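Notes for the one structure printed next.
Read-outs throughout are calculated quantities, based only on the coordinates presented, and are distinct from any laboratory measurement. Please read all numbers here as calculations on a predicted model, not as lab measurements. Here the Cβ positions follow ideal geometry from the backbone for every residue, glycine too, while neighbour counts run over all protein chains shown.
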Amino acid sequence: MRLLAVFATLLAVAAASGRLMTMQEMNEHRIEAAKRWQTSGSQNVKSGGVQNITFTNPKASEFYVDGKSLPLVDFDVGPSWAGLLPISNSPNETRKLFFWFFPPGPQGSLDDLIFWTNGGPGCSSLAGLLQENGPFTWSWGQAAPTVNQHSWTNLSSVLWNEDDVAAQLVGFMQQFLEVFAELKGKKLYLSGESYAGMYVPCESAVIFFERNSKTNEDIANYIYENPSRLDLSLQGIWINDPIISWLVVQQEIPALDFVKKHASLFSFDQTYMDHLDKMAATCNYTGYMDKYVTYPPKGLLPLPGDSTDFAQGCDIWTDIWFSALMINPSFNMYRIWDTYPLPWDVLGFLDMQSPIYYNLTDVKEAIHAPVNTDWFACSPDVFETEDSSLPPAFTVLPNVIEKSQRTVIVRGLADFRLIADGDRIAIQKQTPIANDSFILDGVGAYGSMHSERGLTYYEVALSGHMVPQFAPVASFQIMQYLMGFRDTP
């Protein structure tokens, strides 16, 4: 209703003038709308005000980062701790992981800890810190960093960790808690995006095993070799735009329907659309959603071919992507409405321009990163061979949902990298998802959501793959729900 009222006011202003708005008038209204947006949501945090944390272990001071002295940041981001820690307590351990920890802001909770990791595999969680949910943000097209009004540090402490491997998480966290012992006993929320959909549930299964002495076949080997305990209480997980099923499910089957929903952004001619229709029909993609994604389910959903991969000649997703690049050389599978030229990006995610913020020597020194190591947004060849893990929807995810207080899966509707309808196929045992059912405080309908049996699934309007970056207000509200700071999704 509030959104309708604002829109009605704008219409009234335009009608009363009897003329086109000037550019100055339009900008004034836009700026006013942005102010409302910037203050939406974050004031609803339910917590007793919190501030800072004092760590008594002298070693903690070696990792201290002065928030007033971060290069190229002209404001105080607050105290934090960053650096390398080993993944075990072995005296011969040489493997170390980089972390950056921020305590809660003035509105945050001292009782909780959010763990965030990016996807890839091999993409840096420092990108998430700087461009998604950290206390300061320097996103695509920004000339300089700004305060992030919707930082997750306004909810609790947050640990960004450069780790893609569940088998290393417990060992690292043990060492982390030895240095920062005041964090022991906190309620833990694991979160991540994209390929993190593969390993965040596994990390959850590791921790549940450690605390409840229950195993899961996918990680049993690691558990048996590393029977350890964490003094943290895992409450739930967040995975946005995740890989949770086969790529034929999350890319190939829904690709053509996605193009048709966003036809004006792809701008394909009829001849090419006829080609795609023929390919989809040949590959058994046509009508898949209407035929099989029903409630109650009629049984196990069939794959369109005879394997978990697409059949020869059936990679319709890649066909569409290359064709989109011919029309729009800046077509961005992570946010489909981007156009040429590419915006400047301080992390080089969109293009390998320089300088890259995390490769500046004074930045590395400030956050205790190795000066002689180059930072990349995403590193290739994380796995020596292709990852052969079974998708979590078929393995650990149901078990993790059952054990968690709450689990959220969040999908940006403008994401072509992994498509929302693929999620609906993967989690099709839920009852139907009502349109316009995700209500954003102070805004109104902002996508769809459905909550059932411990899992809440969101589809977020106007967001691409990196939901905390593209829809920070919506992400903040969803994280509030996951952490129990609000009762309704």
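List of remarks:
- Net charge of Cβ neighbours under 13 Å - reference Val73; Lys, Arg +1; Asp, Glu -1: -3
- Among Ser157, Ser61, the order by Cβ neighbours within 10 angstrom, fewest to most, reads Ser61, Ser157.
- Shown here are the Rg and Dmax of the Cα trace of the stretch 90-188, at 14.4, 45 Å.
- Sorted by Cβ neighbour density within 10 Å, fewest at the top, the residues Trp375, Trp337, Trp238: Trp337, Trp375, Trp238
- Ordering of 19-27, 441-449 by packing [mean C-beta count within 10 Å, highest first]: 441-449, 19-27
- Förster radius 22 Å - calculated FRET efficiency between Ser267 and Asp351, Cβ distance, rounded to 0.05: 0.45
- Taking other C-beta atoms within 10 angstrom as a stand-in for reagent exposure, Val248, Val460 fall in the order Val248, Val460, fewest first.
- Between the stretch 326-374 and the stretch 249-303, the C-alpha centres lie 33 angstrom from each other.
- Positive minus negative residues near Leu303 (Lys, Arg vs Asp, Glu; Cβ under 12 Å): -3
- Measuring against 28 Å, Cα to Cα, the residue pairs Lys59/Lys96; Lys260/Lys291; Lys96/Lys403; Lys291/Lys403; Lys96/Lys184; Lys35/Lys68 contain Lys96/Lys403; Lys291/Lys403 as the ones spanning a longer distance.
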